Amino acid sequence: MDGITLRTWEGLVAHAAQHGWTKGAFYTKISEYGMQYLMPAPFNSEELVSVNLSPSPRNGQDVYMSAITGNVSAIWNHAQVSSRPCISPPDCASHGQVSLSQEEDMENASGIPEGQVLITTILKTLPHRPKVNPVSAKVSTSAPDTSASIVKDIAAKMKESTLPPATIAPQNARKRKAADNDASGPVSAFKRQMSTDKAKPCGRPLVWSNRRQELCETVSYYNSYEASWCHPKGNAISMLISEDQSPRSYAEIDVVITRATGGMTEDPKRKGFRIQNKSHTDADLTVRAVKNAKLSGQAIILIGSSKCEMPVLMPHNFQVLEHYWITDTWWEKINGFNVFKYRFERCDLSIQPWYMPSNKDFRAPDFSVTCNVGLCKKCGIEQPQVYQVWLCLNHLCDAFWKLPNGKDVGKMSLEFNSAFVSKRSHFTGMKNFDIQPETFQPANHQALQFAFSRDGWLGFWCNQCGKCCSREDWVGWTCTCGNTYRISAPVLRAEETDVSFNENSQLIPLSPKSVTSKITAQSDMIGKYKVDYYPVMENQWIIHLHSTPEINAQTNGPDQLFKEMQEARGMRLLRRINGKVATNAPTAALTRHFAENYGLHYNYIVAQGSTPFSSAPAPVCHALQRLIWAGTATEMMDISKPFNELLVVGYMSDGRMGYHDDGEVSLGPTISTLSLGCQALMKFRYKKKYYSPPLDMKSNKFVSESFVLSGVPLEQERNDQVKWEKSHPNATLVEKRTHFKGLPGVKKQADSKLMHRDSLQLLLSHGDMVIMHGADIQKYMEHQVEARGCLRFALTSRHVLSHMVNPADLYMGDVDLSAYPEYDGSKDCMPVEEKDS
Ligand SMILES: O=C(O)CCC(=O)C(=O)O
């Protein structure tokens, strides 16, 4: 590993001269110093994963470099066999940051441990930044300055070897016409086509979805619910291309030119449009990941949304296009801010893609087109001519984004250099993911592991129509084309469930002792249950009834109910759409739990409907008996408001119900839940709008309600703010902000330790019951539940106020429990007939 010994700039250059600079060599621009380093990989280039270069924090002048290598294919294979969404290639991000104290140790490293990453660091003191000269763009035959000559030598060697020729005269480049590009001169930055003008594609996508979540849950290479790029741990693997609202984008079948997202905000002048309001930087995760992908030659899977700017009609909301690779990256100025841009080229140019417009003939690629390159005299970096005029596109150079006359490009409209768009190169990098997802092979999965695993309840790729389907139904998948897949799950005992089948799970075993509470419980015994009463606010209680193995083993007790819940026929637990979104909306997202409601409707479940109690399966009715007992035994339940609703929620590995409250006007004040199966962590916290001061220092926004809960940290200061706000009803936002920022304690309020933390956490075990009593709990607090194993049911009962229900539906809440024995908390619950005999 001679790379490790290259500690000086001279050594580095000598090494460069000595070694063949092959295609696999990597180069990185240390543009801050106006130089370009080209370095051979001091190891088998195929093993290179990523390289990071940054000025050393020690003096800002040393170069601090870390490279990550390893047996890439072994690592990727390993990553692929691991469970979704664990698509972790080597951990570039964390390994890329080596502290200075580690450098000497690193130098002693030798060889690459099999299947592991290796980090190389090189320190080099750089010359001071050269003085700025006027910019000049020219083809790279011009006499370079000293630093540039090193670069030129190296570049020449690279050209001699395997890279395609880097420079041709601009006029030659322009003569050629690309296969898919009709422009013979400069190519206009993308002309948007109305979707009605677009031709239909010649084929159909292999993989597609209507909702983004379906895609993310199904394919292992795209797990990005919000951002367009998917770059787990700094390794870019796929990108969703959609509408690009910034200037100078381009999209056709073989080439896509777009920008790193981020740094944009709503355009105050044009509704629905976004504008740049912040610069990208080299430290941005996407910028780093894209650079890494370019260096390592890794293919990127592009996914097109229905709004994507390809000149062809996209048949679905989301469709997987093909593998592309990043041929160029550069910087531009948009709206005065630095923006990172890149050019993708399709990897398999000689194969017709499914999204070729049906009214166009497929033509073989023309590899003879290459793009002219200019050399910036200021920074010494050779760069392709991206636009009709050559510009230095190194954002750290003083000549950046300046015309040959030294003036900023400003509002000048730029068109792409046709050669830059039309050039084609042979892709020789790696494709780490197949586009076609694995189909389920139940025989290959150990039934227990699969049935309740994260994989088991996520996406299903329909091999009939190519649709990605989330698992919406407890019993399996149904594709819109009619294809179904049913899971045959084994029946588990409760003690078999405290294991998560999510390999990526962060779950750490919890004991009741490790679950802390800021509210002190008063404990008591009711029957055989130990009962913890948490006084949350005045007359507001959260009550935890701890079950025991003895209680669980009772006839019709939790063990039996858990078994029956798994075997119950006719139950229809479904994942529902979160929020009020149309089912097929691209953004519609399903919950991470499955639910079915019995008895009366209330708002939360209205969309999904309810099943009358008269059709409820036996375990639901037995559970209701226990919940009624718990409500009355703890003296919380108002007998004039009996439970007339029961929600069954099913959780598998990694299942959860996020923070929410049950504070609907249609509900009575007492809510009672029975837990069956694996443990769950139930967390309570005060809602931000009541817990925080009126001014939220983080978002710099005013929270909607000015009310401070008693007992919260900095209560006095928070109350002072509320008082001031009330006494200055006409104060403007600026005045309020100025006033609050000057108050003592305000800084402390922004301290995340004092903000919005869980106040109570309960570890719920099999058979436990929880009662929430009091409307203020729902008004001022919210709760969340995380399953801590692979299978759990929660059966929660409420009272729905009858005047809030459609009279025609009232019958649904009628509960006839005469066939089910009453539960008294201490005795076995025997079926009625057995008791009588
Ligand atoms: O899973 C649980 O224990 C409780 C579920 C819940 O919070 C609810 O139904 O509102």
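Every read-out reported here was derived from the displayed coordinates using simple, explicitly stated rules and does not represent laboratory data. Source: prediction; values computed, not measured. FYI the Cβ positions are ideal-geometry reconstructions off the backbone, even for glycines, and counts take in every protein chain you see.
For this structure, a couple of remarks:
- Under the simplified labelling scheme, the Lys271-Leu206 pair shows an inter-label distance of 4.3 nm, with each label point 7 Å from Cα along Cα→Cβ.
- Each of Ile526, Ile777 was scored by other Cβ atoms within 10 Å of its Cβ. Arranged with the fewest first, they read Ile526, Ile777.
- Listed cross-link partners Lys377/Lys411; Lys200/Lys271; Lys271/Lys779 are compared with a 32 Å cut-off, the Cα-Cα value being larger for Lys271/Lys779.
- Distant-in-sequence amide H partners of Ile526 (H built 1.01 Å from N, under 5 Å): Val531
- Residue by residue, segment 309-317 carries 3J(HN,Hα) couplings of 8, 4, x, 8, 6, 8, x, 10, 5 Hz when phi is fed to the Karplus relation 6.51 cos²θ - 1.76 cosθ + 1.60 (θ = phi - 60°); x denotes Gly or Pro.
- Placed amide H near Arg274: partners under 5 Å, 5+ positions off or other chain: Asp267
- Taking the number of Cβ atoms within 10 Å of each Cβ as an exposure proxy, the fewest-first ranking of Tyr533, Tyr250 is Tyr533, Tyr250.
- Charge tally around Tyr529: other residues with Cβ under 12 Å, Lys/Arg +1 each, Asp/Glu -1 each, net -2.
- Charge tally for Asp662 (other residues, Cβ to Cβ under 10 Å; Lys, Arg +1; Asp, Glu -1): -2.
- Here the Karplus relation 6.51 cos²θ - 1.76 cosθ + 1.60, evaluated at θ = phi - 60°, turns the backbone of segment 780-791 into coupling constants of 9, 10, 9, 9, 9, 10, 10, 6, 10, x, 9, 7 Hz, with x for every Gly and Pro.
- Remark: Met430, Met769 ranked as Met430, Met769, counting other beta-carbon atoms within 10 Å and listing the fewest first.
- Long-range HN-HN contacts of Asn223 with modeled amide H, under 5 Å: none
- Difference of contour (0.36 nm per residue) and Cα-Cα distance, Ser727 to Asn463: 88.5 nm
- For segment 464-538, the number of Lys pairs separated by eight or more positions or lying on different chains, with C-alpha atoms closer than 27 Å, is 4.
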